[in-house]
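To start, the structure itself, in structure tokens.
The values are calculated or read from the model by the stated rules, or taken from the named source; none is laboratory data. Just so it is clear, the model here is predicted, and its values are computed rather than measured. Positions of Cβ are backbone-derived with ideal geometry, glycine not excepted, and every protein chain shown enters the neighbour counts. Accessible surface is based on the protein model in full, side chains and every heavy atom, while ligands, DNA and RNA are left aside. Shrake-Rupley method; radii C 1.70, N 1.55, O 1.52, S 1.80 Å.
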Amino acid sequence: MRVLVTGGLGFIGSHTVVSLISNGYDVVIVDDLSNSKLSVLDRLETICGKSIDFEQINLLDYNSLDQVFFKYAIDFVIHFAAFKAVGESQEKPLEYYQNNLVSLINVLNCMRKHSVFKIVFSSSACVYGTPDSCPIPETADIRPQNVYGRTKAVCESILQDTSAAISEFSVALLRYFNPIGAHESGLIGEDPNGIPNNLMPYITQVAAGKRELLTVYGNDYPTPDGTGVRDYIHVCDLADGHVAVLKKLENNTGVFIYNLGCGRGYSVLEVIHAFEEVNHVNVNYAIGPRRSGDSAVCFSNPAKANKELGWYAKHDIKDMCRDSWRWECYARDHEV
Ligand code: UFG
């Protein structure tokens with residue numbers, strides 16, 4: 001079975017490629033390198049011990065994508081490639097809608113043309129916006145609060161409508177909570193462009209001395225220590241969730257929606273302290289004002305994925321902190 005992985009050199013995509021190959025799937029990666037590096041491919045090949053097919057393609061270019069479908073016999077698509085910075089999405093809505101929606105539509109049109117009917121879509125917990133209560137089940141209201149989240153929600157609708165109209169289309173919508181950590185080899189991990197938006201890459205860069213100070217965005221939330229609580233999940237667990245859902249799609253048709261999270265929350269201060277303890281490093285931080293748009297608490301109910309896919313997050317917060325740091329040290333020492 002061959003899986004086309006769009007955005008396969010990115011953070012979640014690259015870890016999913018490792019899981020796919022270690023579970024016996026063949027892979028072809030397409031990536032335009034707009035937010036990833038070609039060296040990730042070399043490091044993936046080192047981890048997997050084999051060469052991996054790669055095509056440098058922008059998904060807005062339908063004809064190039066069509067050629068990939070002619071060149072390889074594809075059984076499944078996992079579609080990661082998308083713009084993903086929440087703040088930037090508010091400033092560049094048209095670029096975000098154009099890129100994230102048209103890419104998906106091109107992928108679906110190529111799939112239909114080449115009779116490939118099984119797709120896994122990389123969605124996000126941000127489709128829920130600020131939840132009424134936690135843990136969040138898949139049945140919670142969809143009301144994203146930023147442009148990025150709205151592109152994900154619209155893509156989910158496109159996929160659901162396509163499956164409703166063309167019954168062969170089987171779709172999995174995976175709503176990720178907060179992926180952190182890195183492959184245990186330390187060879188791949190999150191490699192944000194410029195100043196990180198997210199907590200863990202900021203922590204690792206402060207610990208590594210690349211940045212001076214982490215600002216904790218608010219300590220007056222209604223949480224045990226006043227800082228925001230999130231459902232952090234090890235990226236390798238998330239990657240394994242994709243393999244589990246492919247098995248579901250192999251034998252079933254329809255639309256399947258799953259939260260991929262651990263089902264418990266950690267506060268910002270708990271993450272910082274776990275990181276310091278596990279890695280014996282200091283994270284210089286200061287409390288600052290709240291970040292606009294942040295909610296106090298967000299964590300999943302992953303029971304549906306647990307039950308229907310037999311999938312469970314196996315790594316704890318210590319593993320996540322240890323592996324994130326190992327990757328940061330590799331990236332620093334090798335000037336990745
Ligand atoms: N935080 C800080 N300081 C920072 C960065 C983050 O205190 O420098 C805090 C935030 O306020 C929040 C927590 O750390 O309480 C996590 O923030 P992230 O930016 O890492 O993650 P978010 O939960 O805000 O958003 C992430 C992704 C979104 C995705 C969402 C899904 O950025 O793309 O998870 O829940 F949609």
Checklist entry - Hey, with R₀ at 22 Å, roughly what FRET efficiency would LYS307 and THR253 work out to, going by the Cβ-Cβ distance, to 0.05? => result 0.70
Checklist entry - Does anyone have the angle between helix 93-113 and the longest principal axis of the chain? Alpha-carbon axes, 0 to 90°, nearest 10? => result 40 degrees
Next on the checklist: As a test, work out the antiparallel percent of DSSP beta bridges whose residues both lie in the range 70-211, rounded to the nearest 5.
Outcome noted: 0 percent
Checklist entry - Gain in length, GLU184 to HIS114, computed as 0.36 nm per residue apart minus the alpha-carbon separation, to one decimal in nm? => result 21.5 nm
Checklist entry - Quick one: if you stick a label point 7 Å off each Cα along the C-beta vector at GLN56 and SER39, how many nm between them? => result 1.6 nm
Item to check | Crossing angle, helix 317-333 versus the chain [Cα axis fit, 0-90 degrees, rounded to tens] | outcome: 80 degrees
Item to check | Length released on extending from GLU212 to ASP333, taking residue separation times 0.36 nm less the Cα-Cα span | outcome: 41.7 nm
Next on the checklist: Using alpha carbons only, how many angstrom separate the centre of the range 234-293 from the centre of the range 19-61?
Outcome noted: 23 Å
Item to check | Accessible carbon and sulfur surface of the chain relative to its total accessible area, %, 1.4 Å | outcome: 47 percent
Checklist entry - Mind checking which lysines have their C-alpha under 21 Å from LYS248, skipping anything on the same chain fewer than 8 residues away? => result LYS118, LYS304, LYS307, LYS314
Next on the checklist: Leaving out ligands and nucleic acids, and using a 1.4 Å probe, what accessible area per residue does the range 242-336 come to in Å²?
Outcome noted: 49 Å²
Checklist outcome for this item: Extension length gain for THR46 and PHE70 (0.36 nm per residue less Cα distance), in nm, is 5.9 nm
Checklist entry - Over the C-alpha atoms of the range 49-121, what are the Rg and the largest Cα-to-Cα span, Dmax, in Å? => result 13.7, 42
Checklist outcome for this item: Site LEU101, offset 7 angstrom along Cα→Cβ, radius 17 Å on amide nitrogen, limited to the range 137-178, gives 143-162
Checklist entry - How large is the accessible surface per residue of the range 26-147, computed with a 1.4 Å probe and reported in Å² as a whole number? => result 46 Å²
Checklist entry - Applying 1/(1 + (r/R0)^6) with R0 = 45 Å to the Cβ-Cβ distance of THR139 and GLU276, what FRET efficiency is obtained, to the nearest 0.05? => result 0.75
Next on the checklist: I need two numbers for the chain: Rg to one decimal and Dmax as a whole number, Cα atoms only, in Å.
Outcome noted: 19.1, 56
Item to check | Charge-dipole axis of the chain as Lys and Arg at +1 and Asp and Glu at -1 on Cβ define it, positive-most pick from ILE287, ILE317, ASN251 | outcome: ASN251
Next on the checklist: Need one number: nm distance between label points at ARG291 and THR130, each 7 Å from Cα along Cα→Cβ, rounded to one decimal.
Outcome noted: 1.6 nm
Next on the checklist: With +1 assigned to the C-beta of every Lys and Arg and -1 to the C-beta of every Asp and Glu, and no other charges, what is the dipole magnitude of the range 184-303 about the Cα centre in debye, to the nearest 20?
Outcome noted: 280 debye
Next on the checklist: Suppose only helical runs count, i.e. DSSP H with n ≥ 4. What mean residue ellipticity at 222 nm does that imply for the chain under -39500 (n - 2.57) per run, divided by all residues and rounded to the nearest 500 deg cm²/dmol?
Outcome noted: -13000 deg cm²/dmol
Checklist outcome for this item: Neighbours of VAL127 by Cβ distance under 9 Å: Lys/Arg at +1, Asp/Glu at -1, summed charge +3
Item to check | Dipole of the chain, positive end: most advanced residue of ASN100, VAL171, TYR25 [Cβ charges, Cα centre] | outcome: VAL171
Checklist outcome for this item: Quick calc, the chain, dipole around Cα centre from Cβ unit charges on Lys, Arg (+) and Asp, Glu (-), nearest 20 debye, gives 420 debye
